[in-house]
Amino acid sequence: MSAAAFGRPLDVDSALHRRDPAVKLALVLVISAVVTGVFDPWTPTILYLLAAPAVVLAGRIPLGTMARAHLPFALFGLSLFTVNALTRQGQVVWTLGPLDVTAPGLEIGISLAVRTLLIGTLSLGFVLTTDGARLMTSLHQHVRLSGAFAYAVLAGYRLLEQLPQQWQTIRQAQAMRRPRSPQARSRPAARPIALPRSPRALTRASFTLLVTTLRRGERMSIALETRGLGAGRRTIHDPARLSPGDAVLTVVALATVTAVLLVTWRFGLLAGWGALGVFG
């Protein structure tokens, strides 16, 4: 199994890989918008506990990959929890020196932290199972995204996903051009050459990568314009077709979110914007 690159999904076949990208993107946006208005710790926690295993199993995402990708969201969620727990007014439940931890701060902090993990999980499931080219094709077909914009984004995808390989090539070229001592030249040829790590070498490599990418982007834009990008209606080589599986995914996802909201509301656990004390 190959690792996911920019604009490229994990190289496996799964239920989420086969779903239409526009449908998956719409579900991520809708669910994220819904949970943005929830400020109790129970609702996002239940949704997260349901979403995390579902995304891992349906997308066949390795646990290690999901755990590493979770780290930025976990750090951001921890910062939200800390700020809210220490700054919100209310009943003090714990004192840390000059700082007071309040009950409302804990509840809202946990809610925001788990919400961050939930949205991160949904986003990771989308990114790791969605091909960039197929996404642009689907948006062009089903959302009527401009063809000129879609083709331009696809060109950008291709440039960005090739950056790591270009960076490695430039660094290896630097290592080959660096003067070598007689002892180093006497080493076996199969032994890898150490890449230069000085600030000057890294700066030169970054500048070379920037110039090379700009030149490739300019050539690509000229090629797109020469081929009449945006000039009239165009056909699609590999159309993105909606399937019954897309409808099943939509119904299951939205029904699950609705059911969790109804359950937490029925038991008096659901809290909205009023929990912030801003809207009364």
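Read the figures in this text as sums done on the coordinates, not as results from a lab. Just so it is clear, the structure is predicted and the values come from calculations on it, not from any experiment. Cβ coordinates were reconstructed from backbone atoms using ideal geometry, including for glycine residues, and neighbour counts include every protein chain displayed.
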### Query
If you count, for each residue, the other Cβ atoms within 10 Å and average over each peptide, how do 76-82, 261-267, 42-48 line up from highest to lowest?
42-48, 76-82, 261-267
### Query
Can you work out ³J(HN,Hα) from phi for every residue in region 127-138, in order, using Karplus 6.51 cos²θ - 1.76 cosθ + 1.60 and θ = phi - 60°, giving whole Hz and x for Gly and Pro?
5, 7, 10, 10, 7, x, 5, 5, 5, 5, 4, 5
### Task
Can you put R215, R134 in order of Cβ neighbours within 10 angstrom, beginning with the fewest?
R215, R134
### Task
Work out from phi, with θ = phi - 60° and the Karplus expression 6.51 cos²θ - 1.76 cosθ + 1.60, the ³J(HN,Hα) of each residue of region 27-37, listed in order in whole Hz, and give x for Gly and Pro.
5, 4, 5, 5, 5, 4, 5, 5, 6, 5, x
#### Entry: In nm, spacing of pseudo-spin labels at I222 and V12 (7 Å Cα→C-beta vector)
4.4
### Query
In whole Å, what three semi-axes, largest first, describe the equivalent ellipsoid of region 1-147 built from its Cα gyration tensor (square root of 5 times each eigenvalue)?
35, 16, 12
### Query
Using the count of nearby Cβ atoms within 10 Å as a rough guide to exposure, how do H142, H17 rank from fewest to most?
H142, H17
### Message
Could you tell me the calculated FRET efficiency between L254 and M176, based on Cβ-Cβ distance and R0 = 35 angstrom, to the nearest 0.05?
### Response
0.05
